[in-house]
Amino acid sequence: MSDAKLGRRELVTLIGAAAAGAGLVGRARASAPDAKPAAGGKTPWVYQPLEPDAVAERAFASYAKGHCMYGCFESIVGTLADRAGEPYRSFPFDMFVYGAGGVAGWGTLCGALNGAAAAFQLLSAKPQPLVDALFTWYEREPLPNYRPRGAKFPDVKIAAGSPLCHASVSEWCKAAHKKTYTPERKERCGVLTASVAREAVVLLNAQAAGRTIPAAFEKHTEECMSCHEQGGAQENSRGKMGCSSCHFSLGTKHTPL
């Protein structure tokens, strides 16, 4: 039947049906395992579950090419690029070299965490629970907890108590009795990058499977946030990281840490 012979009501009905059908096709394509995002499109890009140990090994190798932030992000998204091709393959991975040493050596956020958070933002519709879970894990887990095949030096594990590069490196140097600019410390950060990338994939896989991602904030940190964060009696700060790594002398008005 030609459009000229359709009445207005019939034409509107036909257009509506076509639009609905197109929407169903679009949703089906978006949920298909081999669906790919359009280059330059909105996030999240499609995530496919990855093998954590394989990503960890790649992160250790990538650390040697571009340090911690690059190593973590490239190991996750680069593995997806090998599997799915474009546009993952054209991602400008080198931009993440800036994260080395807690952002150009400033010792702020650990580069491995920074790279993982970037991957979460790119690949997850709900990245914040992943960030919360990974960062609280990093604060308290004795790390590194994965040993890549190419590692040469003995393991020295520490719980950083903080997501900051400065604290993580300082605590490790104290425990390992090594100076900052030594081959042992450099390898340690490569192995740490592997550990963080591995845990990031474990979390991404769990979320992709529909599991809840809990963040285990310490009790005293929650108490501090209840007063100093949004809606609290003080509301004069913000943050989620463990308080005791920086505020180790809070006086009698505070709960002992």
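The values are calculated or read from the model by the stated rules, or taken from the named source; none is laboratory data. These figures come from a predicted structure and were not determined experimentally. No Cβ is skipped: glycine too gets one built from the backbone with ideal geometry, and neighbour counts run over all protein chains shown.
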>> Yes or no: the range 218-235 includes at least one residue that is crowded, with 17+ Cβ neighbours inside 10 Å and either outside any helix (DSSP H, G or I) or modelled with pLDDT of 85 or more (or both).
In response: yes
>> Please go through the range 116-170 and give me each residue that is closer than 21 Å to A100 by Cα, aliphatic (A, V, I, L, M), out of contact with any strand residue (DSSP E or B) (no Cβ under 8 Å at 6 or more places or on another chain) and touching a residue at least 60 places away in the same chain (Cβ under 8 Å), ordered by number.
In response: A116, A119, L122, L134, A151, A167, V169
> β-branched (V, I, T), closer than 27 Å to I213 by Cα and surrounded by fewer than 24 Cβ atoms within 10 Å (Cβ to Cβ) - does that describe any residue in the range 103-114?
Replying inline: yes
